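Some notes on the structure that comes next.
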Amino acid sequence: MSSIKNIGVLTSGGDSPGMNAAIRAVVRTGVYHDLEIFGIRRGYQGMIEGDIFKMQTTDVSNIIQRGGTILKTARSKEFMTNAGMEKAYAQLKKHNIEALVLIGGDGTFRGAAHFFENYTIPAVGIPGTIDKDLVGTDFTIGFDTAVNTAVEAIDKIRDTAEAHDRLFVVEVMGRDAGYIAINSGIACGAEDILIPEQITDINEVLARIDYDERRKKTVHIIVVAEHDDYGGAKEVKDIITSRFPSLDVRACVLGHIQRGGAPSYSDRVLASRLGFAAVNALIAGTTQVMTGIINGKVVYTPFKEIVKDGGYAIDNDMLEMIRVLSV
Ligand code: F6P
């Protein structure tokens, strides 16, 4: 058991629906165990600036259902510098913060790993990102909600595509990861799904459009993850239009709507389990790990493993299934 009394909690990087539910679980679990919980606003940037305040259970009332993050978030360039990290550590000492709960994604844990090479403070991470591009967990907080948002939007696009006999290229988020594209594409019956993890054979995409045209299949939805080899929706649309000038093609970028909105029930439950587990881990003396859920069970993975390049992979069976179901 640790002797930690004061824990700081922050959200960092891109926000994701369910971050508030995680903050709530951290605060309430801490208070239950007579710990003091301090909110750090705007992620690592707020740590550097000492934007830190004591949280009560009432601060987290009525937030489990809200998107965004009450702690606000940022991508701090200053934290990547030695001077920034030194300032951040000095602020933790000044506020007598003895341990940290870090809620965020890839960038958050890369920042953490760098910080902990130079400074020693117990910390536990919680995976909060719509991208689901982390090892050490089957799901990340916000992914389910983001995919549902994309599915709702693509279903609506299919209605208008059908009415006009149009081909749509729909761009979803995911930075360098294709999980949102794959899952929303499968759920919406997309005719093609283009993801960064797989080299896009544009001739194959064009051949499929040609085949569909010849068999009078007039609606064609292509879901493309941002940062695919050929770019996003606009670039793919331009290629299709130059090859098939008579086709009515539209590009649609879903963008940041995927990051907002009320979290789904499963993101709320996931966030609650991980927030609870993170504080319990710190109390038990487990540190420098990220909490995750694998096969339904809470697991802890060292930060160093989380940020290893090429750690996660798209399931090949899933890719094969996409090819089969879109014949
Ligand atoms: O990491 C989450 C994410 O939404 C990515 O999918 C996307 O590439 C990126 O953040 C966008 O970041 P920003 O909101 O800073 O433009």
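Here, each number is a calculation from the coordinates, and none is a lab measurement. Just so it is clear, the model here is predicted, and its values are computed rather than measured. All Cβ positions, even for glycine, are placed from backbone atoms using ideal geometry, and neighbour counts span all protein chains on display.
Below is a table of values for the structure above.
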item: Between 0 and 90°, nearest 10: helix 19-32 axis offset from the chain longest Cα axis; result: 20
item: Isotropic mean projected area of the C-alpha convex hull, region 175-327 (nm²); result: 11.1
item: Calculated FRET value between residue 49 and residue 299, using beta carbons and R₀ = 35 Å, to 0.05; result: 0.55
item: For the chain, fraction of C-alpha pairs farther apart than 31 Å, in %; result: 36
item: Fewest-first sequence of 217, 94, 72 by Cβ atoms within 10 Å of each Cβ; result: 94, 217, 72
item: Using alpha-carbon coordinates, inclination of helix 106-118 to the longest axis of the chain, degrees; result: 30
item: Scaled radius of gyration (Cα, divided by 2.2 N^0.38 Å) that region 144-259 gives; result: 0.97
item: Surface/4 of the Cα convex hull for region 50-111, nm²; result: 5.1
item: Region 262-327: Cα Rg divided by the 2.2 N^0.38 Å rule of thumb; result: 1.51
item: Extension gain (nm, one decimal) between residue 243 and residue 155, 0.36 nm per residue minus Cα-Cα; result: 29.0 nm
item: Highest-fluctuation residue, 184, 266, 16 considered, GNM on the chain with Cα pairs under 10 Å; result: 266
item: In nm, spacing of pseudo-spin labels at residue 81 and residue 234 (7 Å Cα→C-beta vector); result: 3.2
item: Hypothetical label at residue 265: residues of region 47-73 whose amide nitrogen lies under 16 Å (7 Å Cα-Cβ projection); result: 65
item: Full-extension gain in nm, residue 317 to residue 206, via 0.36 nm per residue minus C-alpha separation; result: 37.6 nm
item: Subset of 234/308; 132/297; 54/93; 156/237; 5/93; 94/304 violating a 21 Å alpha-carbon distance limit; result: 234/308; 94/304
item: Relative contact order computed over the chain (Cα-Cα under 8 Å; 6+ residues apart), in percent; result: 24
item: Normalised contact order of region 269-327, rounded percent, pairs of Cα under 8 Å and 6 or more residues apart; result: 20
item: Region 164-199 and region 134-158: distance between their alpha carbon centers, rounded to Å; result: 11
